[in-house]
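Have a look at the structure below before the remarks.
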Amino acid sequence: MNKYTVTELTRTVKQLFEGTFKDNIAVKGEISSFSVSPAGHLYFVLKDEKSQIKCVMFKGSAMSMRDYNPKNGDSVEAIGELTVYEAGGNYQLLVKRMDYDSVGLFWKLFEEVKRKLEAEGLFDESRKKTVPLLPKRVAVVTSATGAAIKDFLVTMKNTGGVFAVDVWSVPVQGKDAIAPIVKALNSAGAMTHRYDALVLMRGGGSLEDLAVFNEEQVARAFSACAVPTVSAIGHERDFSICDFVADLRVATPTAAATHLCTGYVNAVRDVENHKKRMAELMLNRLYQNVQRLDMLQAGVIAASPLHRINRDRQRLAYLGKSLMADIKEIINKKNTHLSELAGILQSLSPAARVQKDRRQLDGLLSVLRERTQTGLNRVSVRTDRLHARISLLSPMRRAEKYMNNVERFETRMIVSTQKKTAENKARLEPLMAKLCTLNPDNLLKKGYARVSANGKAVRSVFDVRLQDELEIRLKDGYISSFVTGRKVSEEKDGKDPDHD
Amino acid sequence: MSSEKFEDKLKKLEVIVERLESGEVDIEENLKLFQEGMKLGKECRKMLDDIESKVSRVLSADGDEVKTEQFDEPL
């Protein structure tokens with residue numbers, strides 16, 4: 001066991017301390033037992049939940065703090081050296097610089113309010129109301145001009161949720177926001193007949209920006225809402241006291257809109273799905289039953305007497321038909337046979353016999369007639385021959401011969417005469433033709449005219465006088481004309497010398 | 001709240017669909033359930049269709065009276 005004097009021990013501790021904490025260190029804590037010495041040095045204790053440490057800040061250091069006056073209860077960060085005061089036998093923090101720890105204070109207040117309200121049971125799960133799945137109208141307590149309400153409404157639109165929104169516009173920052181928010185929460189929170197949910201909402205910001213939602217008054221008012229509440233404050237990582245008292249905490253305004261819309265979107269989908277499913281099931285069930293019914297009915301029909309009767313009737317009809325066919329065939333056969341027999345019988349009947357005999361008789365008779373005729377013919381031929389011989393020998397025959405000769409002569413005579421006549425005719429014809437050309441009418445045919453006056457032919461210009469009527473004969477008629485002048489032709493070789 | 005009623009109706013509708021799906025009900029019951037289900041479905045749909053999407057700004061509130069105006073969405 002080591003033995004020390006008080007001084008030795010204290011000095012050893014001092015050396016240990018000051019060896020361990022050589023440089024400046026920063027310590028966070030809350031100021032208490034604060035006092036200022038007449039010399040201007042600051043004496044106080046820094047403490048947290050469990051421990052405390054003595055601090056001294058000399059006047060020089062204290063004077064350098066311009067914008068901060070320390071006081072009891074402040075959360076601070078003190079920077080300085082850890083020293084051991086040998087005379088007093090204690091250790092202390094020699095503070096050189098000290099900053100107001102706003103974050104620390106924030107959390108201190110936060111924790112205080114949280115602890116208090118939690119103790120009162122305001123966070124109890126049993127207190128939480130259920131936010132309806134299908135809100136019809138929602139109160140939104142937020143700034144009407146903030147980004148939060150914009151996000152909320154856009155999301156609502158995009159998600160396809162349908163509900164009415166009342167915007168209770170309030171400032172959402174600073175001490176001045178507390179009263180309006182509390183008022184809005186009190187009013188809207190009581191309107192259970194109007195609202196299905198109340199959303200307290202603010203976009204993201206610094207811890208200080210969000211501080212209003214850690215205010216005890218605000219949290220209490222929010223907690224007191226009879227309408228189910230939703231808190232949507234800041235970003236995902238931000239937590240406020242209001243989040244703890246809300247019936248439902250969502251991370252952001254967007255998340256609040258999504259949550260409130262989900263019910264509607266799901267409800268529409270569910271209702272339609274259920275209806276469709278039900279109709280399918282019902283139809284299936286009906287089809288199954290119809291099919292079963294059809295099958296059973298078919299079975300019943302097959303087993304029914306009527307069906308058997310019908311079948312038998314069909315069979316009967318078939319048999320009847322084939323029977324009839326058989327009978328017809330038999331009858332036909334019999335008929336044929338009968339006709340044959342009848343033919344035979346008929347051929348054996350007395351009438352047939354008589355007929356046959358008559359035919360035979362007719363045959364004999366015709367033979368007899370033929371033969372008789374032949375005999376007669378033969379006699380006749382002989383008679384003719386004899387007659388011919390007789391006639392050859394008759395005087396008539398001779399006479400005929402002579403007659404023939406006479407005729408022959410006659411013929412010769414006629415022929416020769418005719419021949420002569422033809423010859424004369426042949427000689428005559430050219431003469432006649434010549435004569436014909438000399439016919440004055442033929443001249444007319446060639447276009448010559450015959451002129452006559454006073455019924456006499458005019459052969460010379462001297463045969464006429466002026467105003468005599470002339471008749472000029474042409475091939476196809478006459479022209480009557482008067483003599484209007486005459487001129488005697490000078491040529492002497494003309495047939496008709498023309499003289500004037 | 002009528003939304004509670006909606007949820008009740010939807011729940012009933014679900015139960016009916018489940019029963020129909022089980023196929024254990026006889027045909028008369030089946031038809032009855034189907035008709036009831038269709039009626040519920042129609043009512044549910046009507047309730048959904050009756051909800052109006054409207055955004056208003058609260059001007060003042062006096063007791064239960066709330067005065068609102070058309071909210072000009074800052075979109």
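Each value in this text was obtained by applying a stated rule to the coordinates, not by laboratory testing. Worth saying up front: this structure is predicted, and the values here are computed from it rather than measured. No Cβ is skipped: glycine too gets one built from the backbone with ideal geometry, and neighbour counts run over all protein chains shown.
Give me A:Leu207, A:Leu122 ranked fewest to most by other Cβ atoms within 10 Å of their Cβ, as a rough exposure proxy.
Arranged by neighbour count, lowest to highest, A:Leu207, A:Leu122 become A:Leu207, A:Leu122.
Using r as the Cβ-Cβ distance of B:Glu65 and A:Ser37, and R0 as 51 Å, what FRET efficiency do you calculate, to the nearest 0.05? Could you put the intermediate results ahead of the total?
On the way: r = 64 Å, r/R0 = 1.25.
Once rounded, the FRET efficiency stands at 0.20.
Along the Cα→Cβ direction, 7 angstrom out, place labels at A:Thr372 and A:Leu207. What is the inter-label distance in nm?
17.4 nm
Fewest to most neighbouring Cβ within 10 Å: what's the order for A:Arg311, B:Arg45? Please list the in-between numbers first.
Numbers: A:Arg311 11, B:Arg45 15.
With the fewest neighbours first, A:Arg311, B:Arg45 line up as A:Arg311, B:Arg45.
Could you tell me which residue out of A:Val250, A:Val170, A:Gln467 lies farthest along the dipole of the protein assembly as shown toward its positive end? Charges go on the beta carbon: Lys and Arg +1, Asp and Glu -1, centred on the Cα centre.
A:Gln467
For the protein assembly as shown, with the dipole built from +1 on Lys and Arg beta-carbon atoms and -1 on Asp and Glu ones, taken about the Cα centre, which of A:Asn439, A:Met156, A:Ser304 lies farthest toward the positive end?
A:Asn439
Considering every residue in A:143-151, what mean count of other chain Cβ atoms within 10 Å of its Cβ is obtained?
Whole-number average of other-chain Cβ neighbours for A:143-151 is 2.
Under 16 Å from a label point 7 Å along Cα→Cβ of A:Glu118: give me every residue in the stretch A:218-245 with its amide N that close.
Once the point is set 7 Å along Cα→Cβ of A:Glu118, A:239-245 turn out to lie under 16 Å by backbone N, inside the stretch A:218-245.
Say the cut-off is 20 Å between C-alpha atoms; which of A:Lys175/B:Lys54; B:Lys5/B:Lys54; B:Lys11/B:Lys46 go over it? Please list the in-between numbers first.
Values: A:Lys175/B:Lys54 32 Å; B:Lys5/B:Lys54 22 Å; B:Lys11/B:Lys46 16 Å.
Those over the limit are A:Lys175/B:Lys54; B:Lys5/B:Lys54.
Taking just the alpha carbons, could you work out the radius of gyration and Dmax for the stretch A:304-447, both in angstroms?
48.2, 131
Can you give the three extents of the C-alpha atoms in the stretch A:133-243 along their principal axes, from longest to shortest, in whole Å?
Largest to smallest, the principal-axis extents are 35, 28, 22 Å.
Rounded to the nearest angstrom and ordered from largest down, what semi-axes does the equivalent ellipsoid of the stretch A:22-67 get from its C-alpha gyration tensor (root of 5λ)?
Values: eigenvalues 76, 40, 19 Å².
Semi-axes from the Cα gyration tensor: 19, 14, 10 Å.
Using 18 Å as the Cα-Cα cut-off, could you pick out the over-long pairs in A:Lys275/B:Lys12; B:Lys12/B:Lys39; A:Lys28/A:Lys59?
Details: A:Lys275/B:Lys12 12 Å; B:Lys12/B:Lys39 11 Å; A:Lys28/A:Lys59 21 Å.
Listed pairs above 18 Å: A:Lys28/A:Lys59.
How many angstrom lie between the Cα centre of the stretch A:250-269 and the Cα centre of the stretch A:176-203?
Each part reduced to its Cα centre gives a spacing of 20 Å.
For A:Asn454 paired with A:Lys28, estimate the spin-label separation in nm (one decimal), with each label point 7 Å from Cα along the Cα-to-Cβ line.
Distance between label points: 18.7 nm.
How big is the charge dipole of chain B about its Cα centre, in debye rounded to the nearest 20, if each Lys and Arg gets +1 on its Cβ and each Asp and Glu gets -1 on its Cβ?
Details: 13 positive and 21 negative charges, 31 e Å.
Using only the charged Cβ atoms, the result is roughly 140 debye.
If the chain between A:Asn2 and A:Lys425 were fully stretched, how many nm would it gain, using 0.36 nm times the residue separation less the Cα-Cα distance?
Working: separation 423, 0.36 × 423 = 152.28 nm, distance 21.31 nm.
Extending this stretch completely gives an extra 131.0 nm.
Can you tell me the order of A:17-29, A:223-235 when each peptide is scored by its average per-residue count of other Cβ atoms within 10 angstrom, highest first? Before the final figure, lay out each step's value.
On the way: A:17-29: 12.8, A:223-235: 22.5.
Per-residue mean Cβ counts within 10 Å order the peptides as A:223-235, A:17-29.
Return one number: the angle in degrees, 0 to 90 and rounded to the nearest 10, between the long axis of the Cα atoms of helix A:395-437 and the longest principal axis of the Cα atoms of chain A.
It is inclined by approximately 70 degrees.
In debye to the nearest 20, how big a dipole does the protein assembly as shown give about its Cα centre with +1 on each Lys and Arg Cβ and -1 on each Asp and Glu Cβ?
Numbers: 90 positive and 81 negative charges, 1616 e Å.
So the magnitude is around 7760 debye.
From the convex hull of the Cα coordinates of the protein assembly as shown, what is the mean projected area in square nanometres? Working shown, then result.
Details: hull surface 502.2 nm².
Its Cα hull, projected and averaged over all orientations, spans 125.6 nm².
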